[in-house]
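J.: Mind having a look at this structure? Questions to follow.
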There are 2 protein chains.
Amino acid sequence: METRIAKAARTVLDRDAWIKGAIAILAEGGAQRLRVEVLAKRLGVTKGSFYWHFKDRRDLQDAVLEFWKDGRIRDIRKQTQAEPGGEAAALLHTIEVYASARNRKGIAIEAAVRDWARHDPQAAAAVEAVDAERLTCACRLFLARGMAQREAEARSLLLYAYVFGASLMRHGAFTNDIASLKSWIADLISH
Amino acid sequence: METRIAKAARTVLDRDAWIKGAIAILAEGGAQRLRVEVLAKRLGVTKGSFYWHFKDRRDLQDAVLEFWKDGRIRDIRKQTQAEPGGEAAALLHTIEVYASARNRKGIAIEAAVRDWARHDPQAAAAVEAVDAERLTCACRLFLARGMAQREAEARSLLLYAYVFGASLMRHGAFTNDIASLKSWIADLISH
DNA sequence: GTGTTTCCATACGGTAGGGTATTGAGTTTT
DNA sequence: AAAACTCAATACCCTACCGTATGGAAACAC
């Protein structure tokens, strides 16, 4: 028989809920804000609970990185499944995904993880795996358009370097028609 | 009369020495490692001294940002003082400065400040000022080569976005001839 | 019902670090 | 030399965390 009266509605979380909360903190405050007491408070519980689900803080961090890595790789593979002839569109779309502002959170996480990677080997490994996958997928699209291997590799590298770099810039200058500049750039990169 | 006997060689620091030490920490550990006790230990004194030179931690942070901003703007102006006809070379040089590994520390500081800017308005302002200066200087070089305003702006933006983005990527893939890819890219950007 | 498992709360000890107050040692000025 | 100034050492207090130990409440198994 169900007890639906919910006398105090005790919050019950699983490992995944903790990881998702951690990702949210990562997006908002970066890796150094990813603290267990802060996360517990956000989830409405105390850290006593945390240590039931995770061995320690490092355990959470590794889980977050794994989660992020898998998600990114899944997304890339989905985005670059272009039907023949649609490669150019797929490339433009890849650029737009990171340029557009409707993906704020994803970009914030990306930046946070990349900064994290500067001092954490695990994070660096995750970034490296994601980068490798992205580069090969983009490269495949360029190659499908009959481009030479070398140029395809170079353009793939340029594409992703540009995309991440652009998200780091604070452009008060050129403020008039950024969108138009960016579309010009996207054309140059994807030919 | 000079006392040169230095019986215990008491460490004597001025504000500038503290700032330079802070920059070193920033390069190695990022903004969140910029702590006064850590910095004091690195300089061989205790934090009791720190609070004589600075009002508080924020005071140091602002000084560091000011120092960085001024240095960057000075460098950009120097690097982009091309004699007529040398604009292309100056642009390639600008790309190389951030691509080459002999500028490790500068790149690390750049990355640290940019990450810092994601959560600190003062840092964001410094980055914005530096970006604006860099973009206008690069744009001037493109324009000097007879390029249209719009294309010059777009290429300037691409140049810097690419340069910073490249420093964020962990490329295990394409590991064979990165240097050659990068020079191909530099050519594409600077035409 | 009575275990048993699952999950959370409470309380505690430990470390790192920011900030202040005070003292004191060199150095410079008078 | 005496006074004044400069800068560092020491000793605090306070907060934010990490991690552990223990107990307790709910859900599930029988």
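J.: Helix B:121-144 against the longest principal axis of chain B: what's the angle in degrees, Cα atoms only, rounded to the nearest 10?
T.: 40
J.: Based on the alpha-carbon set only, what is the convex hull volume of the protein assembly as shown divided per residue, in Å³?
T.: Once divided by residue count, the hull of the protein assembly as shown is 211 Å³.
J.: A further question on this structure: What full-extension length gain, to one decimal in nm, is calculated for residue B:119 and residue B:101 as 0.36 nm per residue of separation minus the Cα-Cα distance?
T.: 3.7 nm
J.: Would you please state which residues of region A:141-164 a label at residue B:187 would reach in this model, taking the label point 7 Å out along Cα→Cβ and a backbone N cut-off of under 15 Å?
T.: Flagged as within label range: A:148-155.
J.: Here is a follow-up. In debye to the nearest 20, how big a dipole does region A:1-140 give about its Cα centre with +1 on each Lys and Arg Cβ and -1 on each Asp and Glu Cβ?
T.: About 660 debye.
J.: Can you give the calculated 222 nm mean residue ellipticity of the protein assembly as shown, where each DSSP H run of n ≥ 4 adds -39,500 (n - 2.57) and the sum is split over every residue, rounded to the nearest 500 deg cm²/dmol?
T.: After summing the helix terms and dividing by the residues of the protein assembly as shown, the value is -23000 deg cm²/dmol.
J.: I've got another one for you. Whole-Hz Karplus ³J(HN,Hα) for region B:94-102, in order, using 6.51 cos²θ - 1.76 cosθ + 1.60 and θ = phi - 60°, x for Gly and Pro?
T.: So the J values, rounded to whole Hz, are 4, 5, 4, 3, 8, 8, 5, 8, 7.
J.: In region B:163-191, whose amide N lies under 13 Å from the spot 7 Å out along Cα-to-Cβ of residue A:148? List them in ranges.
T.: In region B:163-191, the label zone of residue A:148 (backbone N under 13 Å from the point 7 Å along Cα→Cβ) covers B:181, B:184-185.
J.: State the Cα centre-to-centre distance between region B:101-156 and region A:89-163 in whole Å.
T.: Their Cα centres are 21 Å away from one another.
J.: Hey, what does the equivalent ellipsoid look like for region A:15-190, semi-axes from the Cα gyration tensor as sqrt of 5 times each eigenvalue, largest first, whole Å?
T.: Over the Cα atoms of region A:15-190, the semi-axes work out to 34, 19, 13 Å.
J.: Something else: Under a crude label model (7 Å from the Cα following the beta-carbon direction), how far is residue A:77 from residue B:20 in nanometres?
T.: 5.3
J.: So which lysines can residue A:20 reach, going by Cα to Cα under 30 Å and dropping same-chain residues fewer than 8 places off?
T.: A:7, A:41, A:47, A:55, A:69, A:78, A:105
Readers should treat all values here as calculations from the given coordinates under stated rules, not as data from a laboratory. Quick caveat, the model's predicted, so the values are computed rather than measured. Note that each Cβ is placed from the backbone with ideal geometry, even for glycine, and that neighbours are counted across all protein chains shown.
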